[in-house]
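Reviewing the structure listed below.
The values are calculated or read from the model by the stated rules, or taken from the named source; none is laboratory data. Predicted model only: the values in this text are computed from it and were never measured. Note that each Cβ is placed from the backbone with ideal geometry, even for glycine, and that neighbours are counted across all protein chains shown. The accessibility values were calculated without ligands, DNA or RNA, using every heavy atom of the protein model including side chains. Shrake-Rupley method; radii C 1.70, N 1.55, O 1.52, S 1.80 Å.
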Amino acid sequence: MRSGKNLAVSLVATLLALAAGVYIGLESRGRPESSAPQALIESTAISRLFAARMNDAEGKPQLLSQWQGKILVINFWATWCTPCREEMPAFSRLQTKYSSNSVQFVGIALDTAENVVDFSKKYPVTYPLLNGDSEGAELARQLGNSRLALPYTVVLGGKNEVLLTRLGRVSEQELDALLQKSISR
């Protein structure tokens, strides 16, 4: 009974994210990608992020607090989201480049666990992919993604300060420059 309820909640969250992504894609055609105002993210949302526990692609529970104190790049994505998949190779390169500098990338999928497992087998990345389910969607909303569109990226500094929020793709060059600057502080 509980797994049926979880599946229903996951499907609803996935459908909402898909609908929002399609809507945002149609609405923002021809407009530059937007950044959410960083002031809208309350410290309670960041606390909830670090209190969250989500399963990774192998089904093992992961506490997000294990990455607290690092420069954390959180990317909300889904397997059906083409721009999300297009960002992942750049994120993997940057994770490899900066892993020794206390930088951690984490992908939070707003998708089904089965889709995340299948995706991670076909397209391995150098950073953890977590299954967010409805909790991931709520975290994305609290972290400034009021439309629940994808991809959505949040970069937190080592002291939990918001360095960047982005609805839409983040270029490798922009993220590389931000990480360089954050590390040298």
* Gyration tensor (alpha-carbon) shape descriptor, region 29-163, a/c threshold 1.5 -> rounded
* **Contour excess over end-to-end distance, with Cα ends at Ser47 and Ala113 and 0.36 nm allotted per residue** => 21.3 nm
* Structure fact -> So for R0 = 25 Å, FRET eff. of Glu58-Thr96 from the Cβ-Cβ r, to 0.05, ends up at 0.80
* **In Å², nearest 10: area of Tyr127 left accessible to a 1.4 Å probe** => 10 Å²
* **Extension gain (nm, one decimal) between Glu161 and Val125, 0.36 nm per residue minus Cα-Cα** => 10.4 nm
* Check cross-link reach from Lys122 to the aspartates and glutamates: straight Cα distance under 17 Å, and skip same-chain residues fewer than eight apart. => Asp56, Glu58, Glu86, Glu87, Asp111, Glu114
* Proximal lysines to Lys159, defined as alpha-carbon separation beneath 17 angstrom and excluding residues fewer than eight positions away on the same chain -> Lys70, Lys181
